[in-house]
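Only one structure is covered here, and it is reproduced in the block below.
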Amino acid sequence: MDIAHFLDILWLARIPILKGLGFTISISLLAICFGTLLGIFVGLALTYGVRPLRWIVRGYTDFIRGTPVLVLVLASYYVLSTIGLDLSPFQAGVLALAVFCSSHVGEIVRGALQAIPKGQTEAAKAIGLTFPQTFAYVLGPQALRQVLPAWVNTAAEMVKASTLLSIIGVAELLLRTQEIISRSFLSLEFYFFAGFLYFIINYAIERFGRYVERKTAIPS
Amino acid sequence: MPNHLLEIRDLHKSYGDVEVLKGVDCTMAQGDVISIIGSSGSGKTTMLRCINMLEEFQGGTISIDGEEIGYETLGGQRRRKKEKEIARQRALTGMAFQQFNLFPHMSAARNVMLGLMKVKKLSKDEARSIAEKWLDRVGLLARADHFPGQLSGGQQQRVAIARAIAMNPRLMLFDEVTSALDPELVNEVLQVIKSLAQDGMSMLLVTHEMRFAYEVSNRVIFMNQGRIGEEGNPREMFHKPKSERLSEFLKTSSFGER
Amino acid sequence: MGYTLNFAAVWRSFDLLLEGLALSLALAFGAILIGAAIGLFTAFCLISKNGFARRPAGIYVTIIRNTPILVLVLFTYFALPQLGFRLGKIESFVFTLALYSGAYLAEVFRAGLLSIPVGLREAGLAIGLTEIQIQTSIIAPLMFRNVLPSLSSTIISLFKDTSLAAAIAVPELTFEARKINVETFRVIETWIVASCLYVITCSILAALMRALERRLSVPR
């Protein structure tokens, strides 16, 4: 291994790597944002939805959670263009990740809401709160504390899953890395380097999650 | 006809095929302190929960100050009142639960203030001063900014009582409020209830503390298999039970032991 | 759109998909078996009071959990040969997935070990069992029962991760699906059938784990 040679190539490839990193981060952010919005709806529908809606949403989450993310990404990429939706690989990939994210967030939200003891709702009713008020002041804030750490974890999952978009040709960090390797043949060094970058991002997210958990903990 | 504070007429309640209340009639005047005793499964907690509409009921009426709770009959059709209306009616009664049910993410003061601000629409300052008044009354003003997780069971239950009573209810409902407490914490809660009773608060208590029921209430109701088995003043009830059932129940309860 | 569903082409290749599924299951089975051994060992290290056992185990788990599995798969297959560590496609993937499973299963087992009251160990010591006897006859069986629900979801998620073998051209289910997609252009049908195969397999796995849970549950 020639460190100086690797550093030379790394310096030459800095722009594509930074661009790839930018793509990775935008893919993850978009997937998390859309996925979370959809996921909150999924979680609420699973917990409070009327029966037919609950069944439909249950079917949706079970199907998504039973399918590998890579299959979602490939299906989204191939299928959407076939039915005439002209999405770029980037858009198709983000859509697949957002759908994946929504099923995760949905389950997290449902789990958090159902974990709240029934007595909380009863106590809120007993002092005369309506259901929207009960949700806003009693259930929501308690569920949010439960959800936050797991949600931050999902964010890290999204960063990891964003690598799958390299397979449909989105020029994110991993695909850029592979391009550099195909020219420089430094596969050990550059795969290691890419892995290291991902590790740093995810480790930071994980630490942040622990911090959030501590910050929002209820004193006892 | 005297206007009753609480009037229950022919109350029926089932869970599926199981009928737990089989026609309960009961009236209560302003300032009454009534203890409901009976073995578990006799329907006493269910009756209390119906008064606060925490349970639906299928037959009969419950009225507070002549106002029918939870249901209305329009053109011969009995239907549930609107959620908003039920929420308003629930605030007519205050309820303390066996498991306290304090909101764990709010301080003691915040627990008391929530209903004052969101239901009574008081300002934060007004709510805070009422909360402090009641926390002082239950002996916990110094703990106003503690979270439930930082309080003992007895303290939590006292905050829960303050939370209910701060809403200025017409009637307080106590559902086995000492059953989940360690024995050494029971007394502090009973003292609070007793002092509220002495102030003339109308209350309905489901309790297993026979000695306490004897001391605090002016009337006792014995529930048996979904009906009122016997009722009367505590002296007659505990010393000269008329029915076989009640004397059986009293023998197995803690009344004789203390 | 003008796309009419026609499953005929996909049915003709259905054998190929089933072969792919069989390979997916085999990959998962091999990797999880090795991974469980690694995970159990790592879990004992993680709860050990000895820093020389605990710290390396912690580092291993942290690195694996924060690195995308696709990067690990590519690294093992393309980069490690540079160091003279050369494996066939399938072996390379099983090796990676086993290491990957090990870290996730270690977390599962660790939580299980921590959930066992210390009193049981003390009771074992009191009747004269040795430390090893206590671990194997009391702690491990109880731990295994306790972790079954989370073990189930981890195993299912590891099974889905076998789809990543497609990235190094291992002919498992996702790889075959993509091939059929490209060859027949029956895009929608292919991906519907492929995801259904995954979803059905995941539900069967979940049902098996639930049955095992009932079978092993302690009467109370």
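Some points to look at:
- For chain B, projected area of the alpha-carbon convex hull averaged over all directions, nm²: 15.0 nm²
- Mean residue ellipticity at 222 nm, helices only, chain A: -27500 deg cm²/dmol; runs of at least 4 DSSP H residues each add -39,500 (n - 2.57), and the sum is divided by the number of residues.
- Dipole of the protein assembly as shown, positive end: most advanced residue of A:Val99, A:Tyr48, C:Ala177 [Cβ charges, Cα centre]: A:Tyr48
- Ordered by the count of other Cβ atoms within 10 Å of each Cβ, fewest first, A:Ile25, B:Ile130 give A:Ile25, B:Ile130.
- Sequence-distant lysines (8 or more away, or on other chains) whose Cα lies within less than 18 Å of B:Lys84: A:Lys125, B:Lys118, B:Lys120, B:Lys121
- Dipole moment magnitude, nearest 20 debye, the protein assembly as shown about Cα centre, only Lys, Arg, Asp, Glu C-beta charged: 480 debye
- Applied to the stretch C:17-22, the Karplus parametrisation 6.51 cos²θ - 1.76 cosθ + 1.60 on θ = phi - 60° returns per-residue 3J(HN,Hα) values of 5, 5, 4, x, 4, 4 Hz, with x for Gly and Pro.
- Fewest-first sequence of A:Phe6, C:Phe185 by Cβ atoms within 10 Å of each Cβ: C:Phe185, A:Phe6
- Folded to 0 to 90 degrees: helix C:187-216 orientation relative to chain C principal axis, Cα: 20 degrees
- Listed residues C:Phe85, C:Phe144, C:Phe14, most fluctuating in chain C (Gaussian network, C-alpha, under 10 Å): C:Phe85
- Close amide-amide hydrogen proximity is noted between B:Arg219 and B:Val33, B:Ser35, each under 5 Å apart and 5 or more residues distant or on a separate chain (H modeled in the peptide plane; Pro and chain starts excluded).
- The stretch C:88-133 and the stretch A:36-61 have their alpha-carbon centroids 36 Å apart.
- Between the stretch A:95-115 and the stretch B:133-174, the alpha-carbon center distance in angstrom: 37 Å
- Candidates A:Gly209, A:Gly66, A:Gly43, ranked by Gaussian network fluctuation over chain A, Cα under 10 Å, top entry: A:Gly66
- Residue-averaged [θ]222 nm for chain C, counting only DSSP H segments that reach four residues, each worth -39500 (n - 2.57): -24500 deg cm²/dmol
- Compared with the direct C-alpha span, the chain from A:Ala136 to A:Ser88 gains 13.4 nm at full extension, assuming 0.36 nm per residue.
- Alpha-carbon spread of the stretch B:114-258, three principal axes, descending order, Å: 55, 30, 26
- Most positive-pole-ward Cα, A:Gly140, A:Val170, C:Ala57, against dipole of the protein assembly as shown from beta carbon charges: A:Gly140
- Amide H partners (placed H, <5 Å) of B:Gly229, local residues excluded: B:Phe222, B:Met223, B:Asn224
- Close amide H partners of A:Ala13, meaning residues 5 or more places away or on another chain with modelled amide H under 5 Å apart, do not exist here.
- Using Cβ point charges alone (K and R +1, D and E -1), the dipole size of the stretch A:23-173 about the Cα centre works out to roughly 520 debye.
- Tail beyond 32 Å, pair distance distribution of chain C (Cα, percent): 32 percent
- Convex hull volume per residue in cubic angstrom - Cα atoms of chain A: 149 Å³
- Helical content of chain B, expressed as a calculated mean residue ellipticity at 222 nm, amounts to -10500 deg cm²/dmol (DSSP H runs of 4 or more residues, -39,500 (n - 2.57) each, divided by residue number, nearest 500).
- The Cβ shell under 10 Å around B:Gly154 holds other residues with a net charge of -2, Lys and Arg each +1, Asp and Glu each -1.
- Counted charge near C:Leu83, where neighbours are those whose Cβ lies closer than 15 Å (Asp, Glu -1; Lys, Arg +1): -1
- For the stretch B:179-258, size of Cβ-based charge dipole, Lys and Arg +1, Asp and Glu -1, in debye: 360 debye
- Two-site label geometry, C:Ser150 and B:Glu68: point separation in nm, points 7 Å out along Cα→Cβ: 5.4 nm
- Exposure proxy ranking, count of Cβ atoms within 10 Å, fewest first, for C:Trp11, C:Trp191, A:Trp11: A:Trp11, C:Trp11, C:Trp191
- Percent of Cα pairs exceeding the 36 Å cut-off, where the set is the protein assembly as shown: 56 percent
- Helix runs (DSSP H) in chain A reaching 18 Å along axis by Cα, Kyte-Doolittle at least 1.6: A:14-48, A:69-82
- Signed unit charges on C-beta, dipole axis of chain A, positive-most listed residue A:Phe196, A:Ile180, A:Gly35: A:Gly35
- Rounded to the nearest 0.05, the FRET efficiency derived from the C-beta distance between B:Arg227 and C:Phe14 at R0 = 51 Å is 0.15.
- Where Rh is the Kirkwood radius over Cα pairs, Rg/Rh for the stretch A:97-220: 1.19
- Most fluctuating residue given options C:Ile200, C:Ile168, C:Ile180, as computed from a GNM of chain C linking Cα atoms under 10 Å: C:Ile200
Values quoted throughout were computed directly from the atomic coordinates according to the rules given, and no laboratory measurement underlies them. These numbers were taken from a predicted model, which means no experiment stands behind them. When we count neighbours, we look across all protein chains shown, and the Cβ atoms used for this are built from the backbone with ideal geometry, even at glycine.
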